[in-house]
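Input: a single structure, listed below in structure tokens.
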Amino acid sequence: MANCPKCGYKLKFTDIKAECPGCGVNLMYYNHQERLAEDADKAEAEHIQMQPKIDRIKFAFVGTKLSIVRLVLLFLPIGMLFLPLVHVEASLPFKTIDMNVSILNIVMDVVMEMNFEVLIEMITGSDVTRVAFIFYVLAILYIFLAAIIAIIRIPVVSVSCSPKTNGGDRNITLSTLGIIFTVISMVSFVIFTTQMASAFGEMYHGTLSVGGFLVILGFVAGIVVDALIKKADEPVKYKDISEIVERVEKRKAEKEAALEEARRIVEEYENKNAIA
């Protein structure tokens with residue numbers, strides 16, 4: 001258990017009253033003003049440490065005109081993934097498929113309803129469909145990786161003004177990876193389509209749609225804007241917190257002066273007792 005802050009009495013579990021059994025002081029309100037002042041000092045000290053970080057995040061997103069353009073472009077590849085990425089036509093024995101495929105279709109209709117046993121059988125058990133379905137899986141995998149990159153760019157840009165990292169190069173690298181993954185996905189789909197058309201003739205037909213190209217365009221635009229921001233190299237505009245810093249330093253100096261005065265009084269008292 002805790003001790004009384006005034007007399008040092010060790011409180012017990014049975015001491016449920018607000019007053020100390022030893023000296024009678026109200027434990028809740030003892031040194032209430034001092035504790036409030038300490039809490040205020042801690043809050044302002046935390047504010048002094050946090051405010052520059054907030055300023056850097058704000059500057060990364062809306063600090064300049066180019067930053068605002070970048071903020072818009074961050075969501076462009078994500079939005080373009082919901083446009084038709086490919087168009088597929090297939091004539092099955094009991095069903096005809098004629099559909100545009102976006103990232104939403106891939107998640108809801110392809111991945112969620114995929115029969116993995118049949119897919120594995122297509123890859124391992126049939127020479128006719130092995131290559132086609134390997135690239136089918138690669139097309140889905142890499143478009144998901146491109147989507148992940150597009151999402152990751154948002155929190156990464158928020159720390160692009162950090163003094164400890166080279167945010168511009170990191171942003172450009174991520175956008176480049178997004179382009180690479182999208183291109184690999186599109187090429188994989190083209191190979192899949194070619195293999196399927198070779199095996200099944202007019203029963204299957206697939207083409208690339210505008211969505212994939214717009215995703216690439218979104219990443220390219222992001223690279224251009226990040227390069228321009230890096231070239232401009234504008235300094236972060238920090239909020240003036242000098243008044244808060246001065247206030248905290250002043251209270252700190254007053255506390256140190258009060259402690260020093262208390263030490264001096266104690267030393268004088270001890271010296272007088274020693275002489276006596």
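Criterion first (at pLDDT 80 or above and under 22 Å from Ile48 (Cβ atoms)) does Glu243 satisfy it? So Glu243 passes the test. Taken over segment 147-184, residues that are over 22 Å from Leu71 (Cβ atoms) and modelled with pLDDT of 95 or more amount to 4.
Okay, residues lined up against (1) assigned to a helix (DSSP H, G or I); (2) buried (at least 16 other Cβ atoms within 10 Å of the Cβ); (3) free of Cβ contacts under 8 Å to residues at least 40 places away in the same chain; (4) more than 22 Å from the chain's Cα centre (by Cα):
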site: Gly8; (1), (2), (3), (4): no, no, yes, yes
site: Phe13; (1), (2), (3), (4): no, no, yes, yes
site: Ile16; (1), (2), (3), (4): no, no, yes, yes
site: Ala43; (1), (2), (3), (4): yes, no, yes, yes
site: Gln49; (1), (2), (3), (4): yes, no, yes, no
site: Lys58; (1), (2), (3), (4): yes, yes, yes, no
site: Ser67; (1), (2), (3), (4): yes, yes, no, no
site: Val72; (1), (2), (3), (4): yes, no, yes, no
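Restricting attention to segment 197-213, does a residue exist that is within 17 Å of the chain's Cα centre (by Cα) and either surrounded by 15 or more Cβ atoms within 10 Å (Cβ to Cβ) or in a helix (DSSP H, G or I) (or both)? No - not one qualifying residue is present in segment 197-213.
For segment 79-99, the condition of being at pLDDT 80 or above, assigned to a helix (DSSP H, G or I) and not β-branched (Val, Ile, Thr) holds for at least one residue.
The values are calculated or read from the model by the stated rules, or taken from the named source; none is laboratory data. Just so it is clear, the model here is predicted, and its values are computed rather than measured. Because the Cβ atoms are built from the backbone with ideal geometry, glycine has one as well, and the counts that use them run over all protein chains shown.
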